[in-house]
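Student: Take this structure first; my questions come after.
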Amino acid sequence: MLPIVAGFLLSAGFIGTMGMLRFFSRQEWLEFSRFFLMDYSIYLLGWLVIASLIYRRIEKWR
C-alpha cells in the first residue's frame, strides 16, 4: 500500500508544481483533476484485481 500512496503524493506534488508554473485557469484545473482522478481510480482498480488474484493463489497453495 505504501508504494501506491507514495506514488499518489509524488504525482500530486508534481502536478501542483507544473500547474503553478504554467498558470492554468480554474476551469483547466478542474478538468485536469477530473481526468487525473478517473485515471488513478482505474489504476487502483487494476492493482486491486491483480492483488486479489495473487492472494487467491497464495491461499490455494497453503
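The values are calculated or read from the model by the stated rules, or taken from the named source; none is laboratory data. Because the structure is a prediction, the values reported are computed rather than measured. Every residue, glycine among them, receives a Cβ derived from its backbone with ideal geometry; neighbour counts consider all protein chains shown. For the accessible areas, the whole protein counts, side chains as well, though only heavy atoms, and no ligand, DNA or RNA atoms are used. Shrake-Rupley method; radii C 1.70, N 1.55, O 1.52, S 1.80 Å.
Student: Give me the Å³ per residue figure for the convex hull around the C-alpha atoms of the chain.
Tutor: Convex hull volume per residue, Cα atoms: 63 Å³.
Student: Which sequence of ILE58, ILE4, ILE42 reflects their accessible areas, 1.4 Å probe, from the largest down?
Tutor: From most exposed to least exposed: ILE42, ILE58, ILE4.
Student: Solvent-accessible area of LEU9, probe 1.4 Å, all protein chains present, reported in Å² to the nearest ten, please.
Tutor: Accessible area of LEU9: about 110 Å².
Student: So if we plug the beta-carbon distance of ARG34 and MET1 into 1/(1 + (r/R0)^6) with R0 = 22 Å, what FRET efficiency do we get, rounded to 0.05?
Tutor: E between ARG34 and MET1, to the nearest 0.05, is 0.35.
Student: Cα axis of helix 26-61 to longest principal axis of the chain: angle in degrees, 0 to 90, nearest 10?
Tutor: Around 10 degrees separate the two axes.
Student: Still on this structure, please answer the following. Might you tell me the accessible area per residue for the chain, computed with a 1.4 Å probe and given in Å²?
Tutor: Value returned for the chain: 94 Å² of accessible area per residue.
Student: Within the chain, list the chymotrypsin sites (Phe, Trp or Tyr not before Pro) lying in a DSSP loop whose Cβ has at most 14 other Cβ atoms in a 10 Å radius.
Tutor: Answer by residue number: PHE23, PHE24.
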